[in-house]
Amino acid sequence: MGKYSYEQRLEVVLAVVEKGYSAKEAGDIIGACKGDAQEWVKLYQEHGVEGLLMKHGSYDGQFKLSVIEYMHANHLSIRETAAKFGIPSHTVVGKWERIYYEEGPQALFQDRRGRKITMESASKKPKLDKKAEEDLIAENQRLRMEVDYLKKLNALIQSKEKSVAKKKQQS
């Protein structure tokens with residue numbers, strides 16, 4: 001909601017509420033999309049002019065859970081739910097709902113800000129005992145020798161076929 005000033009949002013809301021414009025028509029006044037205009041109108045209807053001044057914040061897991069459960073119990077859309085609870089961006093509610101369905105309600109209590117922590121053990125190579133490591137090295141060397149042998153054999157066969165083909169052309 002930082003793209004549009006408070007005055008621009010209020011202008012759009014008043015065009016819808018007082019002048020009877022559609023959300024699309026009112027949004028077109030300042031170049032906003034219909035969805036943004038609808039969201040601002042809902043915030044205005046739920047919280048008055050203060051709804052247009054709301055800032056982004058952080059929310060605890062219990063609040064997120066109650067928002068999603070309220071939305072499901074009352075069959076509200078994501079935008080309607082965001083407006084009802086004074087959440088400035090409906091996409092946040094959508095993200096919470098996705099987490100709720102994919103990972104379960106307890107996942108809403110996890111802090112997901114910042115970089116993900118990678119497990120150090122996952123990045124380290126697994127340790128093998130000395131004997132197993134030597135066996136793998138020996139097997140690797142045998143396989144490389146076999147590949148080299150097959151390449152040389154293939155080259156010999158191809159050169160023999162070329163010489164036979166050359167003799168046939170000369171005759």
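Quick note: the coordinates plus some simple rules give every number you see, no bench work behind them. All of these numbers come straight from a predicted model, not from anything done at the bench. Cβ sites come from the backbone with ideal geometry, for glycine too, and all protein chains shown count toward neighbours.
Give me log10 I(q)/I(0) at q = 0.14, 0.15 Å⁻¹ for the chain, Debye formula, one equal scatterer per alpha-carbon, no solvent. With no solvent term, the Cα-only Debye profile gives -0.88, -0.95.
For the stretch 104-110, the Karplus equation 6.51 cos²θ - 1.76 cosθ + 1.60, evaluated at θ = phi - 60°, returns couplings of x, x, 5, 5, 5, 8, 7 Hz by residue, with Gly and Pro reported as x. The residues neighbouring Tyr100, those whose beta-carbon lies less than 12 Å from its own, together hold a net charge of -1 under the Lys/Arg +1, Asp/Glu -1 convention. Kindly provide the pair-distance distribution of the stretch 3-46 built from C-alpha pairs, with 10 Å bins from 0 and whole-percent values in order of increasing distance. The calculated distribution, bin by bin, is 36, 62, 3. The modelled label-to-label distance between Val147 and His72, using points 7 Å beyond Cα along the C-beta direction, is 5.3 nm.
Helical content of the chain, expressed as a calculated mean residue ellipticity at 222 nm, amounts to -21500 deg cm²/dmol (DSSP H runs of 4 or more residues, -39,500 (n - 2.57) each, divided by residue number, nearest 500).
The distance separating the Cα centre of the stretch 25-45 from that of the stretch 61-81 comes to 22 Å.
Once you have a ≥ b ≥ c as the square roots of the Cα gyration tensor eigenvalues for the stretch 30-86, tell me rounded if a/c is under 1.5, and otherwise prolate or oblate according to whether a/b is larger than b/c.
prolate
Working from label points 7 Å from Cα in the Cα-to-Cβ sense, the Ser159 to Glu50 distance is 9.1 nm.
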